[in-house]
Every structure is written in C-alpha cells, then in structure tokens.
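Report on the following structure.
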Amino acid sequence: MRSLCVVRVAVLAGMLVPHAVLPATAGPAEDHRIRGWTIAAQLCSQCHVIGREPQQGGFVGPSFVRVADMLSTTGPALNVFLQSHHDRMPSLRLDRDEMDAVIDYILSLKAEAPND
Ligand code: HEC
C-alpha cells in the first residue's frame, strides 16, 4: 500500500510542478524530459527515487541521480539496459519514444558542469 501511495504522490507532483523539478530550458527538449519524468513517476518510482530530492526507505533500486552520475551511464547504455532482462528489475515494456523520454530524463540528472 505504501508504495502505491508514493507512486500516486509522485504522479500528482509530476502533473503540478514539472517546471520546478526540471531544468528550465524551454522547448521540445524540455517537453520530452517532462514526458520521461511522468513515465518514470508512473513506472519506476516504486523502486527508484526518480527526482533530485533524496527520499527515505524502501527503494530496491539505485536512485536515478546516482544512476545518472555513474560514468558508465550514457544514452546507449541505458538503451541496452532497458531492453534487456534483469533478475531484480522487471522488464518494462516501453515503446521507442517512451524509452527515449525516460533516458533523456535520467541523463538530465547528471551533475551539471561546475562552470555552467
Ligand atoms: C520492481 C522494481 C523496479 C522497477 C519498477 C524499476 N526498477 Fe530499475 N532497478 C531495480 C533494481 C532492483 C535495480 C538494481 C538491479 C541490479 O543491481 O541488478 C534497478 C536498476 C536500474 C538501473 C541501473 C542500471 C545500472 O547500470 O546499475 C536503471 C537505469 C533502472 N533500474 C531504470 C529503471 C527505469 C527507467 C524504470 C522505469 C521505466 C525502472 N528502472 C523500474 C528495480 C526496479
């Protein structure tokens, strides 16, 4: 039950404040990331902390910020990961565009360059 609640709150938050949680670059690229965030809130947030804010407890997967900051995390690597089978993570059937959006969102969490 608890994790369902978390999903619901995350989904709601996604509808209300996407601009507050995502970098403010206007245009189609931002829309695509917001779509990714929304998909992540629905499909990934029960097992992963998907936003920048740390959250307590109960997440079986690594936070997306941590994933984004791993050197091995690139678009192609995420692509392969999300299309392959895992023991501890269910295979999620995302269509091409959903997958791209989620990948785009995760990559947007990479720590920004110091001089940005
Ligand atoms: C039922 C739980 C569950 C759901 C739902 C889930 N994951 Fe995971 N995920 C995991 C677990 C557990 C791991 C750690 C896997 C491992 O270490 O073998 C993981 C690992 C990952 C990783 C890290 C890969 C790496 O290189 O270490 C990525 C990226 C990821 N998940 C993306 C997603 C995305 C995107 C979604 C939603 C579309 C999602 N996950 C939904 C449980 C889940």
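The values are calculated or read from the model by the stated rules, or taken from the named source; none is laboratory data. If you're wondering where the values come from, they're calculated on a predicted model, not measured in any experiment. Because the Cβ atoms are built from the backbone with ideal geometry, glycine has one as well, and the counts that use them run over all protein chains shown. Note: accessible area is taken over every heavy atom of the protein model, side chains too, but ligands, DNA and RNA are not part of it. Shrake-Rupley method; radii C 1.70, N 1.55, O 1.52, S 1.80 Å.
A few remarks follow.
- Residue selected from the range 23-64 under the condition more than 20 Å from Leu92 (Cα to Cα) and in contact with a Leu (Cβ under 9 Å, 6 or more places away or on another chain), by the criterion least open to solvent (accessible area, probe 1.4 Å): Glu30
- A count restricted to the range 43-82 and to residues that are among the polar types (S, T, N, Q), within 11 Å of the ligand (Cβ to nearest atom) and over 10 Å from the mean Cα position of the chain (by Cα) stands at 5.
- Residue in the range 89-104 that is within 11 Å of the ligand (Cβ to nearest atom), small (Gly, Ala, Ser) and part of a loop (DSSP other than H, G, I, E, B) present: yes
- Residue check, Gly75 closer than 18 Å to Glu112 by Cβ and free of Cβ contacts under 8 Å to residues at least 40 places away in the same chain: yes
- Single unsatisfied condition, His86 versus (1) within 19 Å of Val49 (Cα to Cα); (2) open to solvent by 50 Å² or more (accessible area, probe 1.4 Å); (3) free of Cβ contacts under 8 Å to residues at least 12 places away in the same chain: (2)
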